1. Taking the criterion of being in contact with a helix residue (DSSP H, G or I) (Cβ under 8 Å, 6 or more places away or on another chain), assigned to a loop (DSSP other than H, G, I, E, B), charged (D, E, K, R) and surrounded by fewer than 10 Cβ atoms within 10 Å (Cβ to Cβ), would at least one residue in region 55-64 satisfy it?
2. I need every pair where a residue in region 28-53 that is within 19 Å of residue 16 (Cα to Cα) has its Cβ under 7 Å from the Cβ of a residue that is part of a helix (DSSP H, G or I) and at pLDDT below 90, sequence separation at least 6 or different chains.
3. Would you please list the contacts, defined by Cβ atoms under 6 Å and residues six or more apart or on different chains, that run from a residue in region 5-22 that is over 18 Å from residue 34 (Cα atoms) to a residue that is part of a loop (DSSP other than H, G, I, E, B) and modelled with pLDDT under 80?
4. On the given criteria, is residue 74 assigned to a loop (DSSP other than H, G, I, E, B) and at pLDDT 85 or above?
Amino acid sequence: MKAQGASDDSIVNTIVREEGVVALAAPPTNSFGGIITWMMPAIALILGFYVYSWYVRRNQKSPEPISALDQANIDRFRAQMDRELDESPERSEGSAHTGK
């Protein structure tokens with residue numbers, strides 16, 4: 001086509017006429033349909049995020065209170081962690097450097 005002296009626009013128009021708009025690498029932006037084509041992914045993401053956040057807020061459960069047995073276990077494990085951290089070599093080396 002180029003050898004026959006056709007311009008770039010006429011070549012593109014011929015291909016689009018034969019193959020359709022799908023033949024273009026990007027849809028045209030000079031029409032309303034082309035603008036909607038470029039905006040739809042962003043609109044879909046925003047709408048999806050809104051629906052997801054609405055669903056999560058709607059189905060959110062309030063936390064159950066901690067039973068006395070669970071609280072006793074938490075206190076026991078916290079005391080154990082405090083003891084183990086006080087006995088760790090890093091803690092004793094760090095205190096030697098700081099003058100404690």
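1. The first filter runs over region 55-64 and keeps only residues in contact with a helix residue (DSSP H, G or I) (Cβ under 8 Å, 6 or more places away or on another chain), leaving none.
Within region 55-64, none of the residues are in contact with a helix residue (DSSP H, G or I) (Cβ under 8 Å, 6 or more places away or on another chain), assigned to a loop (DSSP other than H, G, I, E, B), charged (D, E, K, R) and surrounded by fewer than 10 Cβ atoms within 10 Å (Cβ to Cβ).
2. The qualifying pairs are 28/34; 29/35; 29/38.
3. Every condition considered, the pairs that remain are 11/1.
4. Values: assigned to a loop (DSSP other than H, G, I, E, B): no; at pLDDT 85 or above: yes.
So residue 74 does not fit the description; no.
The values are calculated or read from the model by the stated rules, or taken from the named source; none is laboratory data. Keep in mind that what you see is a predicted model, and the values were worked out from it rather than measured. Don't worry about glycine lacking a Cβ; one is built from the backbone with ideal geometry, like all the others, and counts go over all protein chains shown.
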